[in-house]
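Asks: The structure that follows is given in the form of structure tokens.
Every number here is computed from the coordinates shown, using simple stated rules; none is lab data. Everything numeric in this text was worked out from a predicted model, so none of it was measured. Quick reminder, even Gly has a Cβ in these numbers, built from the backbone with ideal geometry, and neighbours come from all protein chains shown.
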Amino acid sequence: MPKQRIIMHIDMDYFFVAVEERKNPELKGKPVAVGADPKGGKGRGVVSTCNYEARKFGLRSGMPISKAYKLCRDCIFLPVSMELYVEASEKIMEMFRKYADKSEQVSIDEIFLDISSKVKDFKEAEKLAKKIKKEIYDNEKLTCSIGVAPNKLVAKIASDFEKPDGLTVVNPDRVSGFLAPMNVRKLWGIGPKTAEALKEMGIETVRQLSKAKQDRLIDEFGSFGHEMHLMSKGIDESEVEESYEIKSIGRQVTFQKDTKDKKIIFDTIDSLAKETHAELKEEKLFYKTVTLTVRFEDFDTHTSAKSIKIATDSLEMIKGMAKELIAPYLKDKRKIRLLGVRVSKLSEKEAQKQLV
Ligand code: TTP
Ligand code: MG
């Protein structure tokens with residue numbers, strides 16, 4: 001039998017705002033959101049995140065800033081200071097990594113650690129989690145929530161279980177009982193559409209999903225039905241994959257006023273491409289794919305992408321490909337609200353070396 005794995009998932013609490021509170025302690029205890037300026041309820045853009053005081057008023061990540069303002073007039077809205085958060089994140093992640101055999105950072109404030117050979121059992125893992133929480137608080141004055149479990153799927157669900165400042169340890173024999181009462185939406189890849197389809201089959205909880213016949217799930221959802229069946233039993237064999245590489249780089253902007261003006265649109269693409277390219281150069285990376293995001297005035301959002309065979313770091317190519325990609329959308333009657341440019345399929349190699 002393979003050795004029992006012990007996986008930890010750490011997620012920082014209300015991260016961007018927590019970093020702002022640390023910088024300016026007067027914010028503590030007050031509702032605070034990071035995002036665009038609400039401009040008396042007429043502002044554009046969305047809430048990046050907010051603290052738990054603001055969440056009591058119903059504010060959430062991704063909510064239009066105008067709606068957030070309506071829900072909580074007293075909320076303090078701060079602009080996004082990305083460099084500040086990136087700097088804090090880099091420091092914390094480095095501290096986490098030293099406790100792991102293998103680590104996988106999945107977002108700016110989230111990381112998986114495989115601690116299988118670092119601790120003897122789940123009791124020791126719990127002690128280590130407490131130690132990590134204390135170290136982060138003592139040194140960085142930030143709180144996090146930690147989940148410990150036999151695999152990534154359950155560890156991630158566990159870290160979310162007692163947020164904020166939580167610690168949830170799910171021993172192997174507790175996995176089924178832990179997942180059973182949860183809504184199927186907690187499982188990876190089950191979004192609103194799949195959840196609705198499952199509901200029509202009379203399945204709402206993980207327990208009900210675990211009792212469903214696998215064949216029936218496969219008939220309905222193809223190979224994902226098989227994955228669902230495994231997840232419902234708390235099985236996930238995916239490895240913690242060491243990956244420090246950046247998966248994509250991009251910028252997006254919400255216009256002050258929705259527009260159909262070609263000059264404004266092309267100028268915006270140029271400046272988004274320029275900013276994206278600057279970061280690409282800073283990271284010394286090359287790309288193969290350019291993706292354009294267009295959101296119309298009615299929030300209908302489209303993305304389209306174009307790839308080249310050989311990796312490049314050309315700025316002109318980003319501009320050119322993004323402009324080709326925008327062309328069909330310019331024929332649309334609707335005005336554009338948001339534009340985004342992103343490069344992906346990144347590599348550190350030059351084109352010539354990749355040809356070998
Ligand atoms: P999350 O971990 O999802 O959120 P959080 O840390 O703010 O709050 P929680 O206590 O629930 O973990 O995301 C981490 C950061 O990523 C968050 O602080 C801001 C940013 N973010 C966005 O910019 N937009 C988004 O839609 C989300 C979800 C997060
Ligand atoms: Mg978080």
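Asks: Counting other beta carbons within 10 Å of each residue's own, what order do 312, 254 fall into, fewest first?
Replies: In increasing order of surrounding Cβ atoms, one gets 312, 254.
Asks: Size of segment 17-82 along its principal axes in angstrom, Cα-based, largest extent first?
Replies: 28, 25, 18
Asks: Could you list 49, 301, 293 in order of exposure, starting from the residue whose Cβ has the fewest other Cβ atoms within 10 Å?
Replies: With the fewest neighbours first, 49, 301, 293 line up as 301, 293, 49.
Asks: Do the sum for the chain: with -39,500 (n - 2.57) for every DSSP H run of n ≥ 4, divided by all residues, what is the mean residue ellipticity at 222 nm, to the nearest 500 deg cm²/dmol?
Replies: Per the formula, -12000 deg cm²/dmol.
Asks: Taking every pair of Cα atoms in segment 180-232, average 1/r, invert it to obtain the Kirkwood radius, and report Rg/Rh to two decimals.
Replies: Taking Rg over the Kirkwood Rh, I get 0.89.
Asks: In the chain, how does Rg compare with the Kirkwood Rh, expressed as the Rg/Rh ratio over alpha carbon atoms?
Replies: Looking at the chain, the ratio lands at 0.99.
Asks: Here's something else I'd like to know. If we restrict to alpha carbons, what Rg and Dmax does segment 248-350 come to, in Å?
Replies: Cα radius of gyration and Dmax of segment 248-350 are 13.3, 42 Å respectively.
Asks: Name the cysteines of the chain that stand alone by the Cβ rule: no other cysteine Cβ under 4.7 angstrom.
Replies: Result for the chain is 50, 144, no neighbouring Cys Cβ within the cutoff.
Asks: A further question follows. Using Cβ contacts closer than 10 Å as the measure, can you line up 286, 161 from fewest to most?
Replies: 161, 286
Asks: Let me ask you something else. Extending each Cα 7 Å along its Cβ direction at residue 174 and residue 266, get the distance between those two points in nm, one decimal.
Replies: It works out to 6.2 nm between the two label points.
Asks: Separate question: Which of the listed residues, 302, 338, 292, is farthest toward the dipole's positive end in segment 248-350, when Lys, Arg count +1 and Asp, Glu count -1 at the beta-carbon?
Replies: Going by the charge dipole, the pick is 302.
Asks: Please work out how much length the chain gains when fully extended from residue 90 to residue 331, using 0.36 nm per residue of separation minus the C-alpha to C-alpha distance, in nm with one decimal.
Replies: Working it through step by step, the gained length comes to 82.4 nm.
Asks: Still on this model: Report, for the chain, the % of DSSP beta bridges that are antiparallel, rounded to 5.
Replies: For the chain, the DSSP antiparallel bridge percentage is about 85.
Asks: Right, here's the next one. Just to be sure I understand the curve: with the Debye formula and one point per C-alpha of segment 246-306, what is log10 I(q)/I(0) at q = 0.16, 0.19 Å⁻¹?
Replies: Listed by q, the Debye log ratios stand at -0.59, -0.80.
Asks: In Å, the Kirkwood hydrodynamic radius of segment 145-210 over pairs of distinct alpha carbons?
Replies: Computed over Cα pairs of segment 145-210, the Kirkwood hydrodynamic radius comes out at 12.3 Å.
Asks: Once you've got the Cα coordinates, tell me which of 123/213; 91/118; 199/335; 98/247; 284/335 are over 29 Å apart.
Replies: Pairs exceeding 29 Å: 123/213; 199/335; 284/335.
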